[in-house]
1. For a quick check of your reading of the filter: which chymotrypsin sites (Phe, Trp or Tyr not before Pro) in segment 1-88 sit in a DSSP loop and have no more than 16 other Cβ atoms within 10 Å?
2. Quick check on segment 52-97: take the gyration tensor over C-alpha atoms, sort the square-rooted eigenvalues as a ≥ b ≥ c, and tell me if it's rounded (a/c under 1.5), prolate or oblate.
3. Let me confirm the definition first: pairs of Lys residues in the chain, 8 or more apart or on different chains, C-alpha distance under 20 Å. How many are there?
4. To test your reading of the geometry: what angle, between 0 and 90 degrees and rounded to tens, separates the Cα axis of helix 114-131 from the longest principal axis of the chain?
5. Taking Cα atoms, how many degrees apart are the long axis of helix 152-167 and the longest axis of the chain, rounded to 10 and kept between 0 and 90?
6. How tilted is helix 173-204 with respect to the longest principal axis of the chain? Cα atoms for both, answer in degrees (0 to 90, nearest 10).
7. Name the residue farthest towards the positive end of the dipole of the chain from the options Phe123, Gly47, Ser7, assuming +1 on Cβ of Lys and Arg, -1 on Cβ of Asp and Glu, about the Cα centre.
8. Among rounded, prolate and oblate, which fits segment 1-62 when a ≥ b ≥ c are the square roots of the eigenvalues of its C-alpha gyration tensor, a/c under 1.5 means rounded, and a/b larger than b/c means prolate?
Amino acid sequence: MHKFLASKWTKAAVFLLCLGPLASIIWPFVRHYTIPDPLQFIQHGTGDWTLRFLVFTLAVTPLRQLLRLPELIRFRRMLGLFAFFYACLHFTTYLVFDKLFDLHEIWKDVYKRPFITLGFTAFLLLIPLAITSTAGWIRRLGGRRWRILHRAIYISAVCGVIHYYWLVKSAVIRPLFYAGLVGILLVWRVGEWFLRRRRTALANAVPQRAPINVSQ
Ligand code: HEM
């Protein structure tokens, strides 16, 4: 398994697999299938996959610890960038087909419709993460600052889930399912952080001994 995950072919295969959702969105148009509401079809497809890729990215660290597969880390950056890629498609659909580049209308939407405000926030938060995802940026920022910045992915995922929850009128099962997943992943990370801090505190604790009086 370790060898399989470390192979460059596996990485290439995962890359192709991540393009599958895009193909599934484009395919019905290529085949001229009847789609009752094409705009909604693309908006929902790209929105769903943005959220799924955010969850996949967040799941990498817990999975590599649970399954003892450190090689899984090789896929985290790619999955995160695919989340950003689908978010860009999602936003572009809204910008081009829904709002016809009318920036005033978009601003009104962001201001007046809470579910758009949160989707927009989730999207904006992903931009610095995508830009600083390279090894060069990790060096420039330093590991600690880079890790702190990249915790914003949790805020983005939470905003994405609420965005979804607020836009569905009654079918809340799916957004609640994502809320559960993001909640579990968040609790895992907080628990892990807490345990690490405790371990460090214990390791740093100097054993208290009574001073030896040599004159006695
Ligand atoms: C990380 C960012 C985002 C995530 C995770 C996300 C996620 C989603 C999801 C899951 C859906 C519903 C899909 C379904 O019903 O199957 C959706 C729909 C939608 N999203 Fe987003 N979204 C994000 C950003 C945005 C942004 C930036 C905008 C626009 C400014 C936006 C506008 C919309 C619209 C207009 C819909 C369709 C609403 C409707 O059908 O009435 N989203 N999004």
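1. Numbers: sites: Phe4, Trp9, Phe15, Phe29, Tyr33, Phe41, Trp49, Phe53, Phe56, Phe75, Phe82, Phe84, Phe85, Tyr86; in loops: Tyr33.
When the chymotrypsin sites (Phe, Trp or Tyr not before Pro) of segment 1-88 are filtered for loop state and at most 16 Cβ neighbours within 10 Å, Tyr33 remain.
2. On the way: a/c = 6.85, a/b = 3.38, b/c = 2.03.
Prolate.
3. Values: Lys3/Lys11; Lys99/Lys108; Lys99/Lys112; Lys112/Lys169.
Summing the qualifying lysine pairs gives 4.
4. Relative to the chain, helix 114-131 is tipped by roughly 60 degrees.
5. Roughly 40 degrees, rounded to the nearest 10.
6. On a 0 to 90 degree scale, this one is about 20.
7. Ser7
8. Values: a/c = 5.49, a/b = 1.90, b/c = 2.89.
The shape class here is oblate.
Each value in this text was obtained by applying a stated rule to the coordinates, not by laboratory testing. Every value quoted in this text rests on a predicted model; they were computed, and no experiment measured them. Because the Cβ atoms are built from the backbone with ideal geometry, glycine has one as well, and the counts that use them run over all protein chains shown.
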